[in-house]
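Take a look at the structure set out below.
Rule-based calculations on the coordinates, nothing more; no lab input. Every value quoted in this text rests on a predicted model; they were computed, and no experiment measured them. FYI the Cβ positions are ideal-geometry reconstructions off the backbone, even for glycines, and counts take in every protein chain you see.
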Amino acid sequence: MERKWSIRAYKEGDEKGIFRLDKAVHPSEASDLEQWMRWWQWMYKKNPHGAAKIWLADYNGTIVGQYPLIFMKMKIGNEILRVSQNIDLMTHPNYRYQGMFSKLERHALDEAEREGIYITIGFPNKAAYPGHIKSGWFDIGTIRLMLKTLNWRNVLKAHVRNKYLLMLLAIGTSLISKGFFRTRSSHIEGLTISQVPCFDDRIDDFWDRISNQYKIMVVRDKDYLNWRYGTPDVSYSIFVAEKGREILGYLVLRYFQQEDIRVARIFDIAAQSEEIIRCLVSKAVEYCEQQQADLIYYAMIANKTYLRTLRKNGFFSLPFRNGGQFCAYSSSPHISRAFLQDHRNWLVQIGDSDAA
């Protein structure tokens, strides 16, 4: 199909045109312009690592596609590098199959490289994934989902209409869950876990202490964490593990309604030891039970420490369900692709994405 659009950079005043594109691409999502603008300003303008770069497909003054990159600091090996993440890629339904994806992506990645950004990460959906791979991205791994069901009856009733069968299944699955996925209590003398509204300066010292636990991970300092979990119109629950005045770990989660099920999603866990992770997860489960959540889930690419810890807290994974793909693009002259492609080097959590 003939190309009837051109590529240009975002300029002030494009927001309403981007909003109209968003509504055309996601017609079922309920959001008004005022609410969307609060989110947009936070995501694209207030990032502590710099305003986003956005490249647009323009047809006679109408925005028909976009390719944004947001920025973050990432520890890669022994270096702290500025990297980018591709989010919210959109093509107007009337302008698909014109090569827009590949043209925008090539332009965006080339421009990023010219500015010294050599590595870009992404969590592409099924539609975008083939295009990324075709453009030179590579897989790092599949996001693993870990689940813990707190109320089997509520989780099952969306699929089982017969109330007697529902009762039997709920009882049976609860017994099986308690038998095979028992929660093992964990306690550390002197450790306290409390809910806080935000992160204070001590989190920077915590980051310095844990930064060598993984070879590749997003820098979790005060500025980044308070921005990431300061999303407008979204409420996160932040738990901090302390001994004395020293922070030893934290966990971030959020509740939301998914059809008839109340779900708690764990976004981020970081701690100095496996035992502290267990204490944090145990506290999160206790809190979710108090809040009458039906299901808790956590999504990540991490080493066996995280998997083992979640299992000890009664979480399990489903072999036929995952959280999608995690990919990267690199034009770095000195960091090997093999190093980046090895999933064992990474800590990746859902909080590293733009999910709310």
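Quick one: Leu56, Leu33, fewest Cβ neighbours within 10 Å first, how do they rank? Write out the running numbers ahead of the final one.
Details: Leu56 23, Leu33 13.
Ranking Leu56, Leu33 by Cβ neighbours within 10 Å, fewest first, gives Leu33, Leu56.
All other residues with a Cβ under 13 Å from the Cβ of His92 taken together, and with Lys, Arg as +1 and Asp, Glu as -1, what is their net charge?
Numbers: positive: Lys4, Arg20, Lys23, Arg96; negative: Asp22, Asp58.
Computed value for this residue: +2.
Tell me, Phe199, Phe267 in order of fewest to most beta-carbon neighbours within 10 Å?
Working: Phe199 25, Phe267 22.
So the ranking, lowest neighbour count to highest, is Phe267, Phe199.
Rank Tyr236, Trp207, Leu145 by how far each Cα sits towards the positive end of the charge dipole of the chain (+1 on Lys, Arg Cβ; -1 on Asp, Glu Cβ) and give me just the farthest.
Leu145
In the chain, if the dipole is taken from +1 on Lys/Arg beta carbons and -1 on Asp/Glu beta carbons about the Cα centre, which of Met300, Met37, Phe71 is farthest to the positive end?
Met300
Beyond 31 Å between alpha-carbons counts as too far, so tell me which of Lys45/Lys304; Lys75/Lys126; Lys23/Lys75; Lys4/Lys134 fall in that bin. It would help to have the intermediate numbers written out before the result.
Values: Lys45/Lys304 37 Å; Lys75/Lys126 28 Å; Lys23/Lys75 36 Å; Lys4/Lys134 23 Å.
Pairs exceeding the cut-off: Lys45/Lys304; Lys23/Lys75.
Could you give the dipole magnitude of the chain about its Cα centre, charging the beta-carbon of Lys and Arg +1 and that of Asp and Glu -1, in debye to the nearest 20? Show your work: numbers first, answer last.
On the way: 49 positive and 39 negative charges, 250 e Å.
The calculation lands at about 1200 debye.
What is the local net charge at Ser102, summed over the other residues whose Cβ is closer than 13 Å to its Cβ (Lys, Arg +1; Asp, Glu -1)? Could the numbers behind the result be given before it?
Details: positive: Arg3, Arg96, Lys103, Arg106, Lys134; negative: Glu105, Asp110.
With Lys, Arg at +1 and Asp, Glu at -1, the neighbours total +3.
What percent of all Cα-Cα pairs in the chain falls into each 20 Å bin, going from 0 up to the bin containing the maximum distance?
Bin by bin from 0 Å, the calculated values are 27, 56, 17, 0.
Compute the distance from the alpha-carbon center of the range 210-244 to that of the range 286-337, in whole Å.
The range 210-244 and the range 286-337 have Cα centres spaced 16 Å from each other.
Of all trypsin sites (Lys or Arg not before Pro) in the range 42-103, which ones are in loop regions per DSSP and have a Cβ with at most 16 other Cβ atoms within 10 Å?
Passing sites in the range 42-103 are Lys46, Arg96.
Please report His132, His187 as a ranked list, fewest other C-beta atoms within 10 angstrom at the top and most at the bottom. Numbers along the way, then the final one.
Details: His132 23, His187 9.
Least crowded to most crowded, the residues run His187, His132.
Where q = 0.10, 0.11, 0.12, 0.14 Å⁻¹, what log10 of I(q)/I(0) comes from the Debye formula for the range 6-141, counting one point per Cα?
Those come out to -0.33, -0.40, -0.48, -0.66, one per q.
Sum -39500 (n - 2.57) across every DSSP H segment of at least 4 residues in the chain, then divide by the residue count to get the 222 nm mean residue ellipticity, nearest 500.
Details: 11 runs with 115 residues, N = 356.
So the helix-based figure for the chain works out to -9500 deg cm²/dmol.
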